[in-house]
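The values are calculated or read from the model by the stated rules, or taken from the named source; none is laboratory data. What you are looking at is a predicted structure, and each value in this text was computed from that prediction instead of being measured. Cβ placement follows ideal geometry from the backbone for every residue including glycine, while neighbour counts extend to all protein chains displayed. Please note that ligands, DNA and RNA were not included when accessible areas were found on the heavy atoms of the full protein model with its side chains. Shrake-Rupley method; radii C 1.70, N 1.55, O 1.52, S 1.80 Å.
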Amino acid sequence: MKRSLFGRLWPNVTAVVLFIGFVFPVYWMFATAFKPTGDIISEDPVWFPTDVTFEHFKRATGVDHFWTYVSNSLIVTLCAVALALVVALAGSFALARMRFKGRRGFVIGFMVAQMAPWEVMIIAMYMIVRDASMLNSLVPLTVFYMMMILPFTILTLRGFVAAVPRDLEEAAMVDGCTRAQAFRKVILPLLAPGLMSTSLFGFITAWNEFPLVLVLNKEAEAQTLPLWLSSFQTAFGNDWGATMAASSLFAIPILILFVFLQRRAVSGLTAGAVKG
């Protein structure tokens, strides 16, 4: 009886401990953003904000070019995700449906590209952009972010395309649809969970990216929000209140997106990982 009780209890206790471990940093970030400066630098930790203040948010959003950073991040991230989805839909369909020489090696190449750290290519990326006279432009960022997202997107969507029975596609073609129409009307609606999960992954990847924009875009008018986060750490010290406020604002879009796409994203990641 005791063993049975222990067997049911320890997974729940472990889950609660892990939940607290993952959630507490997020809570501390949001709580610190609303604390007065005195509570932030106090030697005794203040677990709950007593005197709520919005002064840190005012300083965080009051920096020069703030809304330029916001618009640049949204433009680059959304365009990179959209381009990656368009290319990945075609690539995943080809890998799942077509048989050609070197197909297995092609898939392994995508896996290797997904595992390899892209930072090793940052010098080559800089030289390419510099020689093309496109430094301080959003176009190279969009293209490079799309390339970073693409391997994972193709591999995940490939599993979903392979899971769709060929009979559905062939039946649509017998009824008069072309291959493109069969893909759009039959296969594409069934790929919704995969599109959700890959979109969420791509959004997080492009939204959080820091080194590449730091190297390629030196002018404030062409920078994104990750560089805005680093602006509160100077040689004179760290403005922890503004840093936590900025980090909270930076995390809100991802949290909102995850809340709305959570169910489809989780099912999409697990299904795409085991099928095909």
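One residue stands out in segment 22-42 among those that are under 26 Å from the mean Cα position of the chain (by Cα) and touching a residue at least 60 places away in the same chain (Cβ under 8 Å): the one that is surrounded by the fewest Cβ atoms within 10 Å (Cβ to Cβ), namely V26.
Hey, does segment 40-54 have a residue that's in a helix (DSSP H, G or I) and of a type in the set (F, W, Y)? Scanning segment 40-54, I find no residue that is in a helix (DSSP H, G or I) and of a type in the set (F, W, Y), so the answer is no.
The residue that is farthest from A90 (Cα to Cα), among those in segment 177-192 that are out of contact with any Phe, Trp or Tyr (no Cβ under 7 Å at 6 or more places or on another chain) and surrounded by 16 or more Cβ atoms within 10 Å (Cβ to Cβ), is C177. Considering segment 223-247, and only residues there that are closer than 24 Å to E119 by Cβ and surrounded by fewer than 20 Cβ atoms within 10 Å (Cβ to Cβ), the residue that is farthest from the chain's Cα centre (by Cα) turns out to be Q233. Looking at segment 150-159, can you tell me whether even one residue there is touching a residue at least 60 places away in the same chain (Cβ under 8 Å), closer than 24 Å to L191 by Cβ, buried (at least 17 other Cβ atoms within 10 Å of the Cβ) and touching a Lys or Arg at 6+ places or on another chain (Cβ under 6 Å)? Yes, some residue in segment 150-159 is touching a residue at least 60 places away in the same chain (Cβ under 8 Å), closer than 24 Å to L191 by Cβ, buried (at least 17 other Cβ atoms within 10 Å of the Cβ) and touching a Lys or Arg at 6+ places or on another chain (Cβ under 6 Å).
Flag: K275 does not match the condition of being modelled with pLDDT of 80 or more and on the phi < 0 side of the Ramachandran plot.
Scanning segment 43-62 for residues that are surrounded by 11 or more Cβ atoms within 10 Å (Cβ to Cβ) and either touching a Phe, Trp or Tyr at 6+ places or on another chain (Cβ under 7 Å) or at positive phi (or both) yields P49, T53. For the residues L225, L200, L229, the requirement of being in contact with a Leu (Cβ under 8 Å, 6 or more places away or on another chain) and of a type outside the set (V, I, T) singles out L200.
Which residue pairs have Cβ atoms under 6 Å apart, sit 6 or more places apart or on different chains, and have a first residue in segment 71-82 that is touching a residue at least 12 places away in the same chain (Cβ under 8 Å) and a second that is of a type in the set (S, T, Y)? Every condition considered, the pairs that remain are N72/T224; S73/T224; V76/T142; C79/T142; A80/T142; A80/Y145; V81/S199. Taking the criterion of being assigned to a loop (DSSP other than H, G, I, E, B) and open to solvent by 60 Å² or more (accessible area, probe 1.4 Å), the residues of segment 68-120 that qualify are M98, R99, F100, K101, P117.
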